[in-house]
1. Taking strands (runs of 3 or more DSSP E) that fall entirely within region 6-110, which contain at least 1 residues that are crowded, with 18+ Cβ neighbours inside 10 Å, of a type in the set (A, V, I, L, M, F, W, C) and on the phi < 0 side of the Ramachandran plot?
2. For residues that are farther than 24 Å from Val49 by Cβ and in contact with a Ser or Thr (Cβ under 7 Å, 6 or more places away or on another chain), tally how many sit in region 100-136.
3. Could you please let me know if Cys144 is outside any helix (DSSP H, G or I), under 28 Å from Glu42 (Cα atoms) and either modelled with pLDDT of 95 or more or among the small types (Gly, Ala, Ser) (or both)?
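The values are calculated or read from the model by the stated rules, or taken from the named source; none is laboratory data. None of these values were measured; they are calculated from a predicted model. For neighbour counting, all protein chains shown are included, and Cβ atoms are generated from backbone atoms with ideal geometry for every residue, glycine included.
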Amino acid sequence: MDLNTYIRDIKDYPKEGIVFKDITPLLKDAKALHYAASALKELVKDVKVDKVVGMESRGFFFAPILARELNAGFVPVRKPGKLPSRIIKETYELEYGTDTLEIHADGISKGEKVLIHDDVLATGGTAEAVCKLVERLGGEIVQCNFLLELDFLKGNKKLKGYEISSLLHY
């Protein structure tokens with residue numbers, strides 16, 4: 001199955017000059033959704049995973065599915081003020097300012113094998129911040145896993161030293 005046919009380009013979203021890669025056509029098609037989830041699982045088939053970390057919000061589409069398929073727990077990373085228990089946070093640079101992500105302080109235990117998943121690897125800032133959070137909690141990152149990667153933005157440079165796997169490349 002060619003998953004590229006389920007990715008829609010939206011011009012000038014969220015701002016002028018951006019071509020947004022919309023994955024909702026893939027999500028609404030049962031066969032494409034199942035195929036994508038299976039293919040993402042195949043990227044880590046020979047790796048022990050204790051926890052799958054998914055980033056708000058589109059990382060929440062596949063991360064829980066991966067956790068279930070890998071017999072692992074799911075840990076959400078959210079924007080500030082969304083998690084009800086004790087958290088740790090990481091602030092990171094954006095091209096137009098800063099943003100912050102939070103994770104529950106008890107979400108990952110020291111030595112646990114962690115798969116980090118998000119829908120898109122673009123500039124790498126979000127994934128880099130999540131890697132820092134996971135490592136601060138003592139987790140060992142086994143892979144950063146993405147549905148698609150925007151190669152021209154070179155986000156993989158911010159993740160140097162980590163295994164990166166992406167199903168689709170643009």
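1. Working: elements: 8-11, 19-22, 51-55, 73-77, 87-94, 97-104.
Answer list for region 6-110: 51-55, 73-77, 87-94, 97-104.
2. Residues that pass the stated criteria total 1.
3. So Cys144 fits the description; yes.
The rows are residues; the columns are (1) out of contact with any Cys (no Cβ under 6 Å at 6 or more places or on another chain); (2) polar (S, T, N, Q); (3) outside any helix (DSSP H, G or I).
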{"site": "Thr123", "(1), (2), (3)": "yes, yes, yes"}
{"site": "Ala127", "(1), (2), (3)": "no, no, no"}
{"site": "Val130", "(1), (2), (3)": "yes, no, no"}
{"site": "Glu135", "(1), (2), (3)": "yes, no, no"}
{"site": "Gly138", "(1), (2), (3)": "yes, no, yes"}
{"site": "Leu148", "(1), (2), (3)": "yes, no, yes"}
{"site": "Lys157", "(1), (2), (3)": "yes, no, no"}
{"site": "Leu168", "(1), (2), (3)": "yes, no, yes"}
